[in-house]
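Please read the structure below before turning to the comments.
The values are calculated or read from the model by the stated rules, or taken from the named source; none is laboratory data. Every value quoted in this text rests on a predicted model; they were computed, and no experiment measured them. Backbone-built Cβ (ideal geometry, glycine too); neighbour counts: all protein chains shown.
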Amino acid sequence: MQKQASLLFGLTLIVLGVLALAGNMYMQNVLDGDFRAWPLFVVGAGLLFCIAPLLFRHVRGLAGLYIPGIPVFVTGGLLYAASIGNNWGLWGQWWPLEVIALGLGFLLAAIFLQVIWLIIPAFVVGLTGLALLFCALTGQWEAWAVLWTVVPLSVGLPLLIIGVLKRLDGVKLAGLILTGIAGILFAALSTLLANVGLVGRLAGPVMIIVLGGLMILSALGRRANGAVEAPAEQQNA
């Protein structure tokens, strides 16, 4: 345990030292005594949260540290970039990375904790963050008239995945319904609203085609399973 803890802190210090060196080389010197590399403390805190579950894998509950750890690390990275470059305006475009980072934290926690239901908040937060990032980078906030459909989609997709992996027909059906509703709404709104651009007008129909294909595959898979089970029952009879 002591050896692993030393390794954890050692790796963290090395990463922080490299970042500090890069910052000092970029600045050439510390201007007017202003320590612009102060966000490294935030980066270090995020690293401690994220590295601990990797080093102490036998302590399963530590994987929950990814949920706060990834956002803290991303926050430190944004603060570091803004401080070193003296460009605090980057927050106006890149702040949705915080939301995406939280979704990634839930996803990693779901994987390492082996709690598949955590992918639901991972998808909801992550896909919402991606939609926010698109709007922030392009300035097309009016696209939310269509992009709000990402919410039912982000619930339906993980339910569909859980239903397939766990072989839960009810959950899979709920996922298909929610995803289908989201796809239909997206296609309809992107067709009615002219200000969503070419990508928005194409994405809706493509989503409908993909959903149709998923439903066909699901039906074929169920029919194949039924065909396999039927001979087995006849043999038992």
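Of note:
- Residue that is out of contact with any Asp or Glu (no Cβ under 6 Å at 6 or more places or on another chain), of a type in the set (A, V, I, L, M), modelled with pLDDT of 90 or more and in the same structural domain as G44 (by TED's automatic domain parsing), where the choices are L90, L97, L133, L127: L97
- Residue check, L19 at pLDDT below 75 and more than 26 Å from P96 (Cα to Cα): no
- Residue satisfying condition, being β-branched (V, I, T), surrounded by 19 or more Cβ atoms within 10 Å (Cβ to Cβ) and at negative phi, within set I111, I119: I119
- Some residue of region 71-79 being touching a residue at least 40 places away in the same chain (Cβ under 8 Å) and under 29 Å from A188 (Cα atoms): no
- Residue within region 119-134 that is hydrophobic (A, V, I, L, M, F, W, C) and over 14 Å from the mean Cα position of the chain (by Cα) present: yes
- Any hit, region 83-96, residues being crowded, with 16+ Cβ neighbours inside 10 Å, assigned to a helix (DSSP H, G or I) and either within 11 Å of the chain's Cα centre (by Cα) or free of Cβ contacts under 8 Å to residues at least 40 places away in the same chain (or both): no
- One residue alone among V99, V124, V151 is part of a helix (DSSP H, G or I) and surrounded by fewer than 19 Cβ atoms within 10 Å (Cβ to Cβ), and that residue is V151.
- Flag if A145 is assigned to a helix (DSSP H, G or I) and either without any contact (Cβ under 8 Å) to a residue 24 or more places away in the chain or more than 20 Å from G180 (Cα to Cα) (or both): no
- Filter pass, L176 being in the same structural domain as G69 (by TED's automatic domain parsing), farther than 30 Å from H58 by Cα and in a helix (DSSP H, G or I): no
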